[in-house]
Amino acid sequence: MRQQSGFHGRPNKPVDTCYSFWVGATLELLDVFQYTNFDKNRSFILSTQDRLVGGFAKWPDSHPDPLHAYLGLCGLSLIGEPSLRKVHPALNITQRAFQHLQQLQQTWRDSTGSCGRQH
């Protein structure tokens, strides 16, 4: 599929804010996201922003909703929007939250030993 402005989920379907994360994260995991046009993607996401009530919509001139607001922010994070924390593409959480999760797992492993039972 060819990138138009943002990303679309299937051929011949319109671009959609949520795919800026879903497709972007997939391409990041495949180590090819850097070949996409970040400026076009950013412009598309920002064109769906509702400046009156806040949030992002599925398409420009549509009503914003929580799903597209969240995934729009995640898509902006993937392209390195300076004011946003970096998102872990596989888990859709911030890199900071991912590091904290790893610390919690290590603490749990250290307290349970290799068999999974607490000491």
> If you check every pair at least six apart or on different chains, which have Cβ atoms under 7 Å apart with a residue in the stretch 82-97 that is loosely packed, with under 13 Cβ neighbours inside 10 Å first and a residue that is at pLDDT 95 or above and assigned to a loop (DSSP other than H, G, I, E, B) second?
Replying inline: R96/R85
>> Can you tell me which of (1) modelled with pLDDT of 95 or more; (2) exposed (fewer than 12 other Cβ atoms within 10 Å of the Cβ); (3) in a helix (DSSP H, G or I) is the one D110 doesn't meet?
In response: (1)
>> With the structure loaded, tell me whether P64 is of a type outside the set (F, W, Y), more than 30 Å from Q102 (Cα to Cα), surrounded by 19 or more Cβ atoms within 10 Å (Cβ to Cβ) and free of Cβ contacts under 8 Å to residues at least 40 places away in the same chain or whether it fails that test.
In response: yes
>> Any residue at all in the stretch 42-51 that's of a type outside the set (G, A, S), out of contact with any helix residue (DSSP H, G or I) (no Cβ under 9 Å at 6 or more places or on another chain) and not in a loop (DSSP other than H, G, I, E, B)?
In response: no
> For L73, are the conditions met, namely being part of a loop (DSSP other than H, G, I, E, B), of a type in the set (A, V, I, L, M, F, W, C) and either at pLDDT 95 or above or in contact with an Asp or Glu (Cβ under 6 Å, 6 or more places away or on another chain) (or both)?
Replying inline: no
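The values are calculated or read from the model by the stated rules, or taken from the named source; none is laboratory data. Everything numeric here is computed off the predicted structure, so don't read it as measured data. Note: ideal-geometry Cβ built from the backbone for every residue, glycine included; neighbour counts use all protein chains shown.
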